[in-house]
Amino acid sequence: MPLRKRLPLLLKLGARVLPLVTIFLLDTFTRHEVAIAVFYSVLILLSATHERRCLLALAGSSITLAVLSLVLTANGDLSAGLVNLTISVAAIVLTTGLALRMQAEHTTAQNAQARLMRLARVRSLGALSASVAHEISQPLVAIAISAKAGQRWLAQRTPNVERARQALQRVLADAERAGGIVARVFRLTRNRPLRPISFDLATVVAEVLALAAPGLERNGMYLTSELPQNLPKAWADHTQIRQVIGNLLLNAMETVDEVPGHERRLHVRLRGGPEVIEFALFDSGTGVPPGMEEQAFHAFWTSKAGAAGVGLNISRSLVEANGGRLWAVPNPEGGLVFRFTVPVAQGSGQP
């Protein structure tokens, strides 16, 4: 083997042997009655990260050198030397035991960390599955509702073709929305950046409210809205913001459904500013306990039986990813008010 390749190995071997030789020489030729061999334990402690067999070999070498040093020492009191040897060997044994225990605990900690990482991955996979299922369930439910409505319009004695055509258009729109959700999840898994566009937020809100109208009517919920037509364009991911609005509306409908019929009220309001557009959803539902508004956005936390507790957490993540903010405050008339903001598109002024 060429010297250039052997040099690192020789330097590593010298770094391990030189301290042993130094302590051995000092212990053998010093005239002081001092247990210099105790310093072998320092080397063992510094080598605690090495493999178990290397550590045991170092301990055995240290004890052998300590005994050999006593045999080769020409001067000094033999009884004192035996005492020093006993102290040194005891220190070496105790230090070796301590180093081995440290190794065992370190290995245990690494195994525990590996298990925690596996559990974290499993939990992340569960959260992702729950979030995807929660997001895609809304357009699928809307597709089923619209399809059944189309069937009813066509099954009448005089088929209402226009209403059936509108129902089919809603089916197509929700199918595209579900496809957009799947495509967005695929982009996220591929670590590709999302591409925001300039769009009319009032139009998107109106479309979501129109899709929710059958469910609102069927459950006896009264919805009002303020959607000004002179708002500036929003700058965000169109599919994500649409999904956020759907999540918030579905959450409000589930909450309002728990109160008496005459109190089932929802109100949607848009307000524009120079930098952001604010969406607000007022509901008269059961709300959350006072001071727990922020808790509602935590993953898997829910006040509704049978709910997954991921909708609001997902919605906040989507809004923040688009440069906005989502929060909740108590509604003075009962229930909650959910608000979120989206940035205004650059160069988009009020017409």
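Put simply, when 154-166, 222-234, 199-211 are sorted by average Cβ atoms within 10 angstrom per residue, most first, you get 199-211, 222-234, 154-166. Ranked by the mean number of other Cβ atoms within 10 Å per residue, highest first, peptides 47-54, 249-256 order as 249-256, 47-54.
Using a 1.4 angstrom probe, figure out how much accessible area region 217-283 has per residue, in square angstrom, rounded to the nearest whole.
Values: 3090 Å² over 67 residues.
I get 46 Å² per residue for this part.
Compared with the alpha-carbon gap, the fully stretched path from residue 258 to residue 50 is longer by 68.5 nm at 0.36 nm per residue. Sorting 313-319, 145-151 by their mean Cβ neighbour count within 10 Å, with the most densely packed peptide first, gives 313-319, 145-151.
The values are calculated or read from the model by the stated rules, or taken from the named source; none is laboratory data. Bear in mind the structure is a predicted one, so any value in this text is a computation, not a measurement. No Cβ is skipped: glycine too gets one built from the backbone with ideal geometry, and neighbour counts run over all protein chains shown. Areas reflect the complete protein model, heavy atoms only, side chains present, ligands, DNA and RNA absent. Shrake-Rupley method; radii C 1.70, N 1.55, O 1.52, S 1.80 Å.
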